[in-house]
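Each remark here refers to the structure printed beneath this line.
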Amino acid sequence: MVGRILLVLVLLATWLVVLLPLKAVAILAGGADRLGYSDVFGTVWNGRVYGLEVNGDPVREVAVSLRPLALLTGRIAADWRIADEAVSGSGRAALAGRMLALDNVSLALPLSRLGGADVPGLDPQEAVFVRLPRLRLDGDACVEAAGTVRTGALVTLAAAYGFEGPVITGELSCRGGDLVLEFGGEEAGLSLSGEAVLRRSGYDWQVGAHTDRAELADIFALAGLERDGDVWRAEGSSRYALRN
């Protein structure tokens, strides 16, 4: 008799979880104030998140499919996919208290969504591709990271001036609790390297470029780089316009 009662209770709990509205889970995770969305519809099996902001611009729709059994262990785990005119991507996310885990993330978005399109000559619609097999965050602290970033923004910029520019590639890692992107690229007569320290609200960056082509001096100067011997350098900060 006790076994039957337990079985019925387990089936009832599973049924309730399966039919649980996604909005209820979103509220448990902190709601719109923490996650930065406009509205949520559907169940945990087939939900939709609208207006999720990336640098102040809303993403039209994110399809979310939660793993209901994870809710029984106190975790929120889901597969997600973005549907938007400018941004595309998919991956897996899990949230348990302060811990956020991202796995198998694939993302493509324009420079304008990253706050990095204010350099003269750069096309704000130039694509940035992110591949993130693994990321673990404990609150604001980076615990584990492995991923790559790639963009052809300098290829497009250089072509406008009649020369070949390098494809910029980068590696993501954790350093002292910070998520760090080290990047660089090299083409004939031009090399560039730098890093960005990524945080919740934005990132600090620095970059250095070396060239033996005199005609590039004006381009570097217009882009805000300053000459330091035979290297051109710049640094700064960019902030995401995320909702608090």
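The values are calculated or read from the model by the stated rules, or taken from the named source; none is laboratory data. Quick caveat: nothing in here was measured; it's all calculated off a predicted structure. Positions of Cβ are generated from backbone atoms using ideal geometry, with glycine treated the same way; all protein chains shown enter the neighbour counts. Keep in mind that these areas ignore ligands, DNA and RNA; they rest on the heavy atoms of the full protein, side chains included. Shrake-Rupley method; radii C 1.70, N 1.55, O 1.52, S 1.80 Å.
Taken residue by residue, region 70-92 has no member that is at pLDDT below 70, surrounded by 15 or more Cβ atoms within 10 Å (Cβ to Cβ) and closer than 23 Å to V128 by Cβ.
Test D212 against the stated conditions and say whether it is out of contact with any Phe, Trp or Tyr (no Cβ under 9 Å at 6 or more places or on another chain), open to solvent by 50 Å² or more (accessible area, probe 1.4 Å), on the phi < 0 side of the Ramachandran plot and among the acidic types (D, E). So D212 fits the description; yes. The listed residues are L102, L109, L66, and the only one of them that is on the phi < 0 side of the Ramachandran plot, at pLDDT 85 or above, open to solvent by less than 30 Å² (accessible area, probe 1.4 Å) and of a type in the set (A, V, I, L, M, F, W, C) turns out to be L109. Mind checking whether some residue in region 174-185 is assigned to a strand (DSSP E or B), in contact with a Ser or Thr (Cβ under 8 Å, 6 or more places away or on another chain) and at pLDDT below 90? No: region 174-185 contains no residue that is assigned to a strand (DSSP E or B), in contact with a Ser or Thr (Cβ under 8 Å, 6 or more places away or on another chain) and at pLDDT below 90. With respect to A108, determine if the residue is touching a strand residue (DSSP E or B) at 6+ places or on another chain (Cβ under 7 Å) and in contact (Cβ under 8 Å) with a residue 24 or more places away in the chain. No: the conditions fail for A108.
Which residue is farthest from R92 (Cα to Cα), if the candidates are limited to region 132-145 and must be open to solvent by less than 30 Å² (accessible area, probe 1.4 Å) and modelled with pLDDT of 90 or more? Here the answer is C142. One residue stands out in region 190-205 among those that are polar (S, T, N, Q) and either crowded, with 17+ Cβ neighbours inside 10 Å or closer than 12 Å to I168 by Cα (or both): the one that is modelled with the lowest pLDDT, namely S191.
Here L154 fulfils each of the conditions (1) modelled with pLDDT of 80 or more; (2) assigned to a helix (DSSP H, G or I); (3) surrounded by fewer than 18 Cβ atoms within 10 Å (Cβ to Cβ) apart from (3).
For every residue, the table says whether it meets (1) in contact (Cβ under 8 Å) with a residue 12 or more places away in the chain; (2) over 22 Å from S112 (Cα atoms); (3) part of a helix (DSSP H, G or I).
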| position | (1), (2), (3) |
| --- | --- |
| L192 | yes, no, no |
| E195 | yes, no, no |
| R200 | yes, no, no |
| W205 | yes, no, no |
| A209 | yes, yes, no |
| G224 | yes, no, no |
| R227 | no, yes, no |
| A234 | yes, no, no |
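Scanning region 215-231 for residues that are touching a strand residue (DSSP E or B) at 6+ places or on another chain (Cβ under 7 Å) and either basic (K, R) or open to solvent by 80 Å² or more (accessible area, probe 1.4 Å) (or both), we see that the one that is nearest to A145 (Cα to Cα) is E226.
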